[in-house]
Amino acid sequence: MIDLVCGARPNFMKIDPLVRAAGFPFRIVHTGQHYDHSMSGSFFDQLGLPRPDVFLGCGGGSVTLQTARIMEAYEPVLIRGAPEAVVVVGDVNSTLACSLTAARHGVPVIHLEAGLRSFDRTMPEEVNRVLTDQLSDLLLITSPEARDNLLAEGLPADAVVMTGNTMIDTLLRLLPETDGIEVPEKPYGLVTLHRPGNVDHGERLSEILSALGRLDMPLVFPAHPRTLRSISECGLAGAVPENLRMLAPFSYLEFVAHERSASVVITDSGGVQEETSVLGVPCVTVRPNTERPITCLLGTNVLCPDPRGIPDAVEERLSRARVGPVEIPFWDGKAGVRAVEAVSEFMRRGGKR
Ligand code: UDP
């Protein structure tokens, strides 16, 4: 039996293709990092994911406290269940916490979406990525530069397998189900922002809001709970510009419907950089770096480090001919099947690096 760990919104889209393809017995362990319906439950419903076998209930708290709480809650579950391996996905606190717990007990760790690097250790996600990869026995990668990053950090080449992007499997599977979902009339922009570097400090957040207000189109902003909290705590409710419609987080199908039809997407999300690339939708990423350079190289993404540059970056993206859906190698809807094959082969070899 293998534990499949998930905890936060992007994880659900990444494990779903594994669950669908799995030829081995598994348990879904949900850490509870995201727990309310709009950030968790609705995804299980729309993706058709089975309910978690184990729910650890570790929501809230600082990055450090949350990581510690998940480890504390997962340890007895791991000991009791005695899985033969633990699969973790992405770069959230649950990813690191469960990898470390498994490694401490000698249980092999498999990291799906290994080797992505922003080279920016001020991002909690980057620390989670680097440490999880060091603890992992099997490293499943989504794009070629991930292999170089892992080898440069001393990880063995034979532990790295290119299986592709399972988040895109989910996108391609459910895209037809977004037909008919009502979206605004074009032109409109879709905004998602939740990285601590953008939303935790009033000055930066205020600069972003004011730059969005200078765009000459309506913007839809299904805001992450962290962002809504920060707008209120920083006293910025009055600084939300008129063209920006702040809403609660969208369900997956609602989000993808808005994403595929948007004139432009303005984001700091990792997954949204990938999805817009595949959909061929212009994307402006409000960050100085990306752990997903392939989205700038082959996709439709451009980085915008300074929020004051957002209007120019949007104009530049819109002035380009629209590319239409982009094909990125291994982002083809079959990554889940390849990941399951890699996991099965690894287990046949005895589950060791
Ligand atoms: N997403 C969603 N509703 C929203 C915003 C995003 O369903 O209101 C989806 C989006 O389609 C993508 C994933 O959530 O599949 C991205 O998650 P998030 O931005 O929270 O995390 P990141 O990718 O930055 O780790």
Counted residues, region 225-238 - those being touching a residue at least 12 places away in the same chain (Cβ under 8 Å), surrounded by fewer than 15 Cβ atoms within 10 Å (Cβ to Cβ) and more than 15 Å from the ligand (Cβ to nearest atom): 1
Per-region count, region 21-45, residues within 16 Å of the ligand (Cβ to nearest atom) and either acidic (Asp, Glu) or on the phi < 0 side of the Ramachandran plot (or both): 15
Residues that are of a type outside the set (Val, Ile, Thr) and surrounded by 15 or more Cβ atoms within 10 Å (Cβ to Cβ), drawn from region 55-72: Phe55, Leu56, Cys58, Gly59, Gln66, Ala68, Arg69, Met71
Output for region 179-202, where each listed residue is in contact with a strand residue (DSSP E or B) (Cβ under 6 Å, 6 or more places away or on another chain) and under 12 Å from Asp268 (Cβ atoms): Val191, Thr192
Options Thr295, Thr290, Thr267; residue that is within 16 Å of the ligand (Cβ to nearest atom) and without any contact (Cβ under 8 Å) to a residue 40 or more places away in the chain: Thr295
Residue match in region 34-54 (condition: at pLDDT below 95 and surrounded by 24 or more Cβ atoms within 10 Å (Cβ to Cβ)): yes
Residues satisfying the stated conditions in region 156-171, i.e. aliphatic (A, V, I, L, M) and crowded, with 19+ Cβ neighbours inside 10 Å: Ala159, Val160, Val161, Met167, Ile168, Leu171
Condition met for Leu150 (of a type in the set (A, V, I, L, M, F, W, C), out of contact with any strand residue (DSSP E or B) (no Cβ under 9 Å at 6 or more places or on another chain), in contact (Cβ under 8 Å) with a residue 24 or more places away in the chain and not in a loop (DSSP other than H, G, I, E, B)): no
Long-range neighbours under 8 Å by Cβ, at least six apart or interchain, first residue more than 19 Å from Ala339 (Cα to Cα) within region 121-142, second among the aromatic types (Phe, Trp, Tyr) and surrounded by fewer than 19 Cβ atoms within 10 Å (Cβ to Cβ): Glu126/Phe119
Yes/no for Phe12 being within 12 Å of the ligand (Cβ to nearest atom), within 22 Å of Pro124 (Cα to Cα) and in contact with a helix residue (DSSP H, G or I) (Cβ under 7 Å, 6 or more places away or on another chain): yes
From the options Gly336, Gly309, residue that is within 15 Å of the ligand (Cβ to nearest atom), of a type in the set (Gly, Ala, Ser) and more than 17 Å from His224 (Cβ to Cβ): Gly336
Filter result for Glu327 (of a type in the set (Asp, Glu) and closer than 26 Å to Pro124 by Cβ): no
Ser99 being within 16 Å of the ligand (Cβ to nearest atom) and not aromatic (Phe, Trp, Tyr): no
Selected residue (only one of Val92, Val54, Val88 is closer than 27 Å to Ser344 by Cβ and more than 16 Å from the ligand (Cβ to nearest atom)): Val54
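The values are calculated or read from the model by the stated rules, or taken from the named source; none is laboratory data. Quantities reported herein were computed from a predicted structural model and do not represent experimental measurements. So basically every Cβ, Gly included, is an ideal-geometry build from the backbone, and we count neighbours across all protein chains shown.
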